[in-house]
Amino acid sequence: MVLLWIVFQTRLSGSLWWAKFNVAAGPFFGDRIFTAGLSRVTLVGASLLFLVYTCLGAVLGRLTPVPPRWPRSLTVGLAGALVFHILAQRWGWPLLHPFAPTWFTPQTMLPAHLLFGLAMVRLGRRYLTLMTTFGPLSIPPPDPLK
């Protein structure tokens, strides 16, 4: 959802839809991100953002209660997304490139993070569905003979 929001917002602002993805690839390509165009730089930047938000979703999913309780799931999702928003604005975007905070402004990313937090409400329900289908997910104990 965050990646789709970035594309949508970039198109609304009249910029090229891949521009923010190129900026996200800054740690790997340096200043070439500003002249790369639609290329592997775009794919690397989008992949990095996808990885970051997937890891964030895994952390928030672990904090979501099972069985799902809607108010707590909503609170965990939105609070986690807002904390991530603050941390990303302060330290995350500057790690990508010194000029990345001008591309990932708070006004641009706050709606994306709120959408992300709202999407986290569904995690408890999905986990419960998996648990009823496959049984509780647990790590098997180590084999004492090995």
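Might you check whether a residue that is surrounded by fewer than 15 Cβ atoms within 10 Å (Cβ to Cβ) and touching a residue at least 40 places away in the same chain (Cβ under 8 Å) occurs anywhere in the stretch 75-90? No, every residue in the stretch 75-90 fails to be surrounded by fewer than 15 Cβ atoms within 10 Å (Cβ to Cβ) and touching a residue at least 40 places away in the same chain (Cβ under 8 Å).
Against the numbered list (1) within 30 Å of residue 31 (Cα to Cα); (2) at pLDDT below 95; (3) part of a helix (DSSP H, G or I); (4) open to solvent by 40 Å² or more (accessible area, probe 1.4 Å), residue 108 comes up short only at (4). For the stretch 4-30, the tally of residues that are more than 21 Å from residue 98 (Cα to Cα), without any contact (Cβ under 8 Å) to a residue 12 or more places away in the chain and surrounded by 14 or more Cβ atoms within 10 Å (Cβ to Cβ) stands at 1. Each residue in the stretch 31-72 was checked for being at pLDDT 95 or above, loosely packed, with under 13 Cβ neighbours inside 10 Å and not hydrophobic (A, V, I, L, M, F, W, C), and 1 pass.
The values are calculated or read from the model by the stated rules, or taken from the named source; none is laboratory data. Since the model is a prediction, treat every value here as computed from it, not as a measurement. Neighbour counts run over all protein chains shown; Cβ positions are idealised from the backbone, glycine included. Areas reflect the complete protein model, heavy atoms only, side chains present, ligands, DNA and RNA absent. Shrake-Rupley method; radii C 1.70, N 1.55, O 1.52, S 1.80 Å.
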